[in-house]
Ligand SMILES: NC(=O)c1ccc[n+]([C@@H]2O[C@H](COP(=O)([O-])OP(=O)(O)OC[C@H]3O[C@@H](n4cnc5c(N)ncnc54)[C@H](OP(=O)(O)O)[C@@H]3O)[C@@H](O)[C@H]2O)c1
């Protein structure tokens with residue numbers, strides 16, 4: 001179905017790099033008409049993504065907002081046109097901290113960025129989707145939701161479990177209205193995320209536990225996200241697809 005995405009507008013949060021950038025470009029290559037490239041700190045990266053989106057034939061623009069704070073979420077919502085495809089990708093561990101050093105502020109930051117932002121953005125774009133009787137939402141969970149996370153990542157893991165559960169609940173609520181909600185759950189993707197939060201040893205251990213024999217790439221995840229947005233996934237609702245090279249098959 002070559003034209004299935006034509007005329008559609010997609011918002012990809014956290015598209016300045018990593019999985020989000022790869023997803024924005026992959027959607028443009030599949031024929032999405034307009035890709036909104038959200039970023040937080042890396043405007044340069046967002047502009048590079050936009051350039052690649054345009055090179056793939058789509059229109060687009062960049063939008064900056066800190067989604068770890070309600071004011072930032074509201075600032076993004078104030079700029080949004082009607083969205084057909086929402087990829088709630090922006091997320092982070094923020095920083096590794098164990099129970100005894102974890103602060104209330106860090107708790108709120110991790111939960112707002114990974115959970116509240118996805119919930120609130122979905123809430124904001126839903127009315128137009130409901131009016132049209134169509135729309136797709138893909139959320140980013142994590143293998144951490146299944147295994148409790150690595151050292152100092154318990155609240156991040158809990159946040160990603162909340163994302164998985166919200167995906168199920170919203171899928172049931174919105175399926176009768178023509179809107180599909182699903183999620184992907186990456187294992188270990190060898191990108192900036194782990195360059196920031198993990199050591200080479202953590203990555204080598206993850207690779208050793210991966211039957212596919214390598215860590216994931218941004219494109220491994222982006223391709224599945226595009227599948228979830230596509231007509232081929234028309235009967236998929238409320239699922240969280242584990243993409244981890246066979247490391248975990250829950
Ligand atoms: N990498 C992995 O192995 C892995 C595994 C499981 C799940 N995930 C999830 O996959 C998603 C994408 O991660 P990634 O691997 O592509 O990470 P990444 O390379 O670190 O990119 C993170 C993206 O999120 C944005 N972001 C971070 N903090 C933000 C904030 N406070 N407000 C708004 N945007 C913010 C960043 O924007 P700026 O660069 O502009 O600041 C960036 O675009 C995340 O939800 C992550 O939790 C990743």
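Read the figures in this text as sums done on the coordinates, not as results from a lab. Remember, predicted model here, so these are calculated numbers, not experimental data.
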In vacuo Debye sum over C-alpha of segment 120-177, base-10 log of normalised intensity I(q)/I(0) at q = 0.19 Å⁻¹, listed in q order, is -0.70
Convex hull volume of segment 45-172 per residue (C-alpha atoms, cubic angstrom): 123
In segment 9-243, what % of DSSP beta bridges are antiparallel (nearest 5)? 0
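Just to be sure I understand: if I project the alpha-carbon convex hull of segment 1-86 onto a plane and average over all orientations, what area do I get in nm²? Let's see the in-between values first.
Values: hull surface 20.2 nm².
Projected area, direction-averaged: 5.0 nm².
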Cα gyration tensor of segment 158-250, axes a ≥ b ≥ c as square roots of the eigenvalues: rounded (a/c below 1.5), prolate (a/b > b/c) or oblate? prolate
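Per Stokes-Einstein, at 25 °C and 0.890 mPa s, what whole-number D in µm² s⁻¹ belongs to segment 55-99, with the Kirkwood radius over Cα pairs as the hydrodynamic radius? Write down the numbers at each step before the final one.
Numbers: Rh = 13.2 Å.
Answer, rounded: 185 µm²/s.
How big is the C-alpha Rg of segment 9-243 next to the rule-of-thumb value 2.2 N^0.38 Å, as a ratio? Could the numbers behind the result be given before it?
Numbers: Rg = 16.7 Å, N = 235, 2.2 N^0.38 = 17.5 Å.
Against the empirical 2.2 N^0.38 Å value, I get 0.95 for segment 9-243.
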Bounding extents of segment 73-127 in its principal axis frame from Cα atoms, largest first in Å, are 43, 17, 15
